[in-house]
Amino acid sequence: MSNKVLEVHNLKKYFKTSRGMLHAVDNISFSIEQGRTLGVVGESGCGKSTCGRVILRLLDPTDGKIIFNGRDISGISQNEVRKLRTEMQIIFQDPFSSLDPRKTVNQIISEPIIVNKIIKNKKAIEERVLELMDTVGLAERLINTYPHELDGGRRQRIGIARALAMNPKFIVCDEPVSALDVSIQAQILNLLQRLQKQYGLTYMFITHDLAVVNHFSDDIVVMYLGQIVEKAPAEELFENPAHPYTKALLSAILIPETGEKTERFLLKGEISSPIDPKDECRFSKRCPLVVEKCRNSCPALKETEPGHFVACHLV
Amino acid sequence: MENKNVILDIQDLEVRFEVDGEIIRAVNGVSLTLEKGKTLGLVGETGAGKTTAALAVMRLVPDPPGIIGKGNILLNGKDVMEMSVSNLEKIRGKEVSMIFQDPMTSLNPVFTVGEQIAESLEIHEQLSPADAMIKAKEMLELVGIPGYRASEFPYQFSGGMKQRVVIAIALACNPQLLIADEPTTALDVTIQAQVLALMKALKEKYGTAMIMITHDLGIVAEVCDEVAVMYAGRIIEKGTLDQVFNNTLHPYTEGLFNSLPNIKNRKSELRPIPGLMPDPVNLPPGCAFEPRCAYAREECGLRIPDSRFVSDHIVCCLAYDDPNFHIRRKGGKNVE
Amino acid sequence: MSTANTLKPKEQLKISASKRYQKRSQGAEIWRRLKKNKGAMVGLAIVVILALIAIFADVILDYDAEVIKQNIPQRMQLPSREHILGTDEVGRDVFFRLLYGTRFSLSVGIVAVAIALAIGVVLGSIAGYFGGVTEEIIMRATDIFASIPNILMGIVIVAALGASTVNLMIAVGISSVPQFIRVTRAAVLTVRYSDYIEASRAIGLKEARIIFGHIIPNCLSPIIVQTTLRVASAIISASALSFLGLGVPQPSPEWGSMLSSGRQYIRTNSLLTFFPGLAIMITVLALNLLGDGLRDALDPKLRR
């Protein structure tokens with residue numbers, strides 16, 4: 001029995017809309033080992049954020065199994081879920097909307113500690129808050145400031161401190177640096193890496209930025225319209241991308257260097273909404289390499305190299 | 001000094017905002033020239049003053065609380081600061097156009113996209129509504145949207161398509177200068193690639209000069225000919241793309257490059273610039289970057305560096321008083 | 001874990017960090033913004049004066065001798081040095097009655113709105129937070145309630161319970177509930193799907209704590225504004241009901257009932273209706289100015 005913090009089997013999350021059933025997350029399976037980072041990459045509408053929230057049981061799964069630390073949490077009650085909150089946490093994308101504008105830094109960071117009765121003594125709570133602030137690089141004097149008085153980078157640090165307050169083992173990072181300036185992004189990424197080493201954290205790192213995910217992840221999962229289209233260790237994915245969508249994503253990365261630009265692997269059209277999808281490859285409408293077979297059946301994930309999985313008829 | 005090739009000439013632009021008794025110094029002495037058909041990348045992080053400077057070109061800075069303190073802005077030789085409002089309205093949309101970051105809020109939700117493109121044509125080119133609509137459909141085709149969608153409303157389009165509509169509106173009257181303020185930041189990366197390719201193609205087709213405001217050095221490398229890096233309201237480095245990228249001079253620019261994850265070397269460490277950009281209400285007396293600069297010396301905190309020509313382009317850094325000084329980044333890579 | 005910043009032994013005797021770095025609260029910031037609005041300050045001043053009059057009415061005036069004692073020979077006098085605003089149809093001093101009447105108008109307005117606030121905010125929050133069937137039930141009940149004209153509802157309640165000050169408060173209060181439910185629900189909806197509410201769930205808060213600890217504090221702005229404006233309309237409603245004889249019973253000097261009794265003399269001495277009407281108007285105006293000013297002051301996005 002390996003060290004798996006999280007195992008996800010055939011996870012599905014569907015939403016009922018007026019136009020039909022929206023397959024936000026459709027048959028996702030993966031696992032993450034302790035101390036490692038899984039990068040989940042995809043553009044808007046691919047279901048990565050929904051996936052993160054279902055795993056944390058902030059949303060209930062439609063089907064499938066979520067096994068956290070060896071325990072099946074897919075069907076447990078919300079009361080049981082609340083008890084697990086000390087072990088699994090989330091860092092949000094938008095540092096501006098993820099903090100209650102009416103609460104001070106102190107109140108925001110101490111709330112999880114108080115509510116979950118981790119520390120009871122008032123003085124001890126404050127010491128813990130200061131300790132957390134120091135860990136994430138927030139100056140002590142900011143303890144009574146309000147979020148709107150601070151910049152995005154500092155607000156994100158508050159969010160990280162809040163997530164760490166209960167010493168979780170597993171953190172879902174939902175695009176934690178996308179809304180930040182470049183130099184602040186780097187500061188926060190370094191912080192997250194340091195925390196991982198220091199506390200042995202396991203991350204699920206959701207992002208659309210491939211340069212960041214390459215830098216930060218051990219393994220990567222590429223999602224498109226609710227499905228996993230490719231799954232591989234990070235280095236392998238970047239060196240040998242197999243799925244056309246992955247190739248397009250890599251090709252779309254703009255490298256800050258002068259010189260000849262390689263021909264871009266451009267996609268046609270736009271991403272559609274996965275409502276009542278037919279049995280076809282969901283990428284077929286945009287794929288430059290599409291053939292007849294792609295429109296007739298949805299490809300399954302198969303292992304092409306050890307540890308490298310692709311869902312494409314052409315591979 | 002009339003150069004017929006120069007579409008935009010800004011000299012010593014200063015813009016400040018007076019709010020609640022405090023003065024926010026957003027733009028502090030910006031000078032730049034742009035030739036016809038060229039693309040300038042105006043690079044900087046949030047709060048650097050790039051958007052304010054661009055708005056000033058079209059005199060769109062909200063007044064109050066914004067005040068253009070001093071500066072000359074010559075658009076095609078004409079002084080924008082001296083123009084009457086009605087003349088300004090004539091050139092906005094016709095000689096100079098602007099596109100903004102968020103396509104969700106740039107389009108009016110109660111008019112069809114065709115009407116919004118046609119509006120510009122009716123006002124500036126004096127076309128009849130019928131003719132304007134025909135041209136509007138052509139513009140849609142040009143940006144890759146089927147013409148029959150001109151009768152649809154913005155909510156029926158995705159983010160990337162809305163941005164294309166915004167581009168169509170901006171280019172409808174064939175302006176000589178297009179100011180694009182972070183046009184692809186809100187878009188997915190594959191859509192961004194499409195939109196940038198489109199902008200490049202249109203720019204070449206029409207010979208439009210462009211100012212691309214962005215914080216993304218990758219975008220700059222992709223579409224720009226020249227680069228100006230802004231920090232705390234000043235341009236601290238300015239040159240051609242090759243000069244700024246491969247002969248980087250200013251420590252801040254170097255810091256920006258170091259902050260980026262290196263696609264080719266995944267385990268290389270990110271070296272962020274420590275600290276934060278200074279509060280524009282409280283700018284330090286000397287160089288604004290000095291508190292964060294790895295190469296700072298005592299005099300850097302005492303006086304603001306002037307713009308000087310070093311090697312092959314312009315930089316504002318006192319370190320170059322020493323002719324042997326160089327930053328660690330050389331030729332687009334780090335040497336130690 | 002860095003130990004550099006933990007409290008050193010001798011500093012443990014000092015005050016805690018949160019006291020060391022006390023900041024100006026949001027309340028102070030809002031007050032500062034409110035002060036800039038001249039209209040709001042005028043409104044506030046008037047409201048404060050009226051409140052003081054209401055509180056100290058018994059101290060300033062002798063109820064039996066000055067407010068209700070009839071003095072027929074002195075009736076229908078025009079304003080003079082002895083009676084600043086004249087006397088009414090049974091010889092009572094109009095000015096003193098108006099002053100004392102402040103007590104009724106303000107207390108009815110405040111208590112009625114307090115009732116409406118308590119019921120309305122709770123129901124509105126529940127509707128907004130839980131959505132679905134719960135929301136449907138609450139909102140449709142609200143719609144039904146709101147479609148009954150205020151006056152009619154007031155008549156029904158007073159007819160059932162009898163005319164008294166307390167019943168007037170209940171009647172006016174209940175008829176104000178729908179507005180509070182709607183405003184609260186709308187405000188809750190704007191906040192409900194924010195990331196920080198999701199974050200609250202993620203750290204394990206229970207629903208009640210989320211609603212009262214995070215959602216309502218962020219909805220205060222429209223609720224506070226609605227409160228000041230509703231006090232104004234509650235005063236008018238109370239006056240209307242008293243005017244119809246369904247409110248505060250005679251001989252209490254409630255402004256609405258003063259209007260009512262003065263009505264028959266409108267042609268001979270219109271001052272008897274004018275002054276109570278003016279009192280109502282000034283009070284309502286002051287509350288509206290204050291409410292408008294609060295709305296602006298509470299909106300952090302408005303920069304002036």
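Below are the figures for this structure:
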quantity: Every pair of residues 6+ apart whose Cβ atoms lie under 8 Å, when the first sits in segment B:142-169 and is within 13 Å of chain A (Cβ to nearest Cβ) and over 14 Å from B:Ala118 (Cα atoms) while the second is of a type in the set (Asp, Glu) and crowded, with 19+ Cβ neighbours inside 10 Å; calculated: B:Gly159/B:Asp188; B:Gly160/B:Asp188
quantity: Number of the exception - A:Phe170 against (1) more than 10 Å from chain C (Cβ to nearest Cβ); (2) over 26 Å from the mean Cα position of the chain (by Cα); calculated: (2)
quantity: Residue that is modelled with the highest pLDDT [pool: residues in segment A:262-276 that are closer than 30 Å to B:Val227 by Cα and more than 7 Å from chain B (Cβ to nearest Cβ)]; calculated: A:Phe265
quantity: Every residue from segment B:192-216 that is surrounded by 15 or more Cβ atoms within 10 Å (Cβ to Cβ) and more than 20 Å from B:Leu8 (Cβ to Cβ); calculated: B:Gln192, B:Ala193, B:Gln194, B:Val195, B:Leu196, B:Ala197, B:Leu198, B:His215, B:Asp216
quantity: Set B:Ile263, B:Ile273: member being within 8 Å of chain A (Cβ to nearest Cβ) and either of a type in the set (Asp, Glu) or more than 15 Å from A:Gln187 (Cβ to Cβ) (or both); calculated: B:Ile263
quantity: So A:Leu150, is it within 26 Å of A:Leu189 (Cβ to Cβ), within 7 Å of chain C (Cβ to nearest Cβ), surrounded by fewer than 22 Cβ atoms within 10 Å (Cβ to Cβ) and among the hydrophobic types (A, V, I, L, M, F, W, C); calculated: no
quantity: Condition check for A:Ile220: over 26 Å from B:Asn258 (Cα atoms), under 15 Å from the mean Cα position of the chain (by Cα) and either touching a residue at least 40 places away in the same chain (Cβ under 8 Å) or surrounded by fewer than 22 Cβ atoms within 10 Å (Cβ to Cβ) (or both); calculated: no
quantity: Wholly within segment C:17-132, helices (runs of 4 or more DSSP H) carrying at least 2 residues that are within 29 Å of C:Leu189 (Cα to Cα) and at pLDDT below 85; calculated: C:26-35
quantity: 3 or more residues in contact with a strand residue (DSSP E or B) (Cβ under 9 Å, 6 or more places away or on another chain) and β-branched (Val, Ile, Thr): qualifying strands (runs of 3 or more DSSP E) within segment B:1-43; calculated: B:6-19, B:22-35
quantity: Residue in segment B:97-107 that is out of contact with any Leu (no Cβ under 7 Å at 6 or more places or on another chain), part of a helix (DSSP H, G or I) and of a type in the set (Asp, Glu) present; calculated: no
quantity: Some residue of segment A:244-267 being among the small types (Gly, Ala, Ser) and in contact with a strand residue (DSSP E or B) (Cβ under 7 Å, 6 or more places away or on another chain); calculated: no
quantity: Single residue of segment A:258-313 satisfying the filter (assigned to a loop (DSSP other than H, G, I, E, B) and of a type in the set (Phe, Trp, Tyr)) that is nearest to B:Val189 (Cα to Cα); calculated: A:Phe265
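To keep it simple, each residue is scored yes or no on (1) within 9 Å of another protein chain (Cβ to nearest Cβ); (2) farther than 24 Å from A:Ala124 by Cβ; (3) assigned to a loop (DSSP other than H, G, I, E, B); (4) touching a Ser or Thr at 6+ places or on another chain (Cβ under 7 Å).
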| site | (1), (2), (3), (4) |
| --- | --- |
| A:Leu138 | no, no, yes, no |
| A:Arg141 | yes, no, no, no |
| A:Arg154 | yes, yes, no, no |
| A:Gly159 | yes, no, no, yes |
| A:Ala163 | yes, no, no, no |
| A:Met166 | yes, no, yes, yes |
| A:Ala179 | no, yes, yes, no |
| A:Leu191 | no, yes, no, no |
| A:Arg194 | no, yes, no, no |
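The values are calculated or read from the model by the stated rules, or taken from the named source; none is laboratory data. It should be emphasised that the depicted structure is a prediction, and the values quoted were computed from it without experimental measurement. We place every Cβ from the backbone using ideal geometry, glycine too, and count neighbours over all the protein chains shown.
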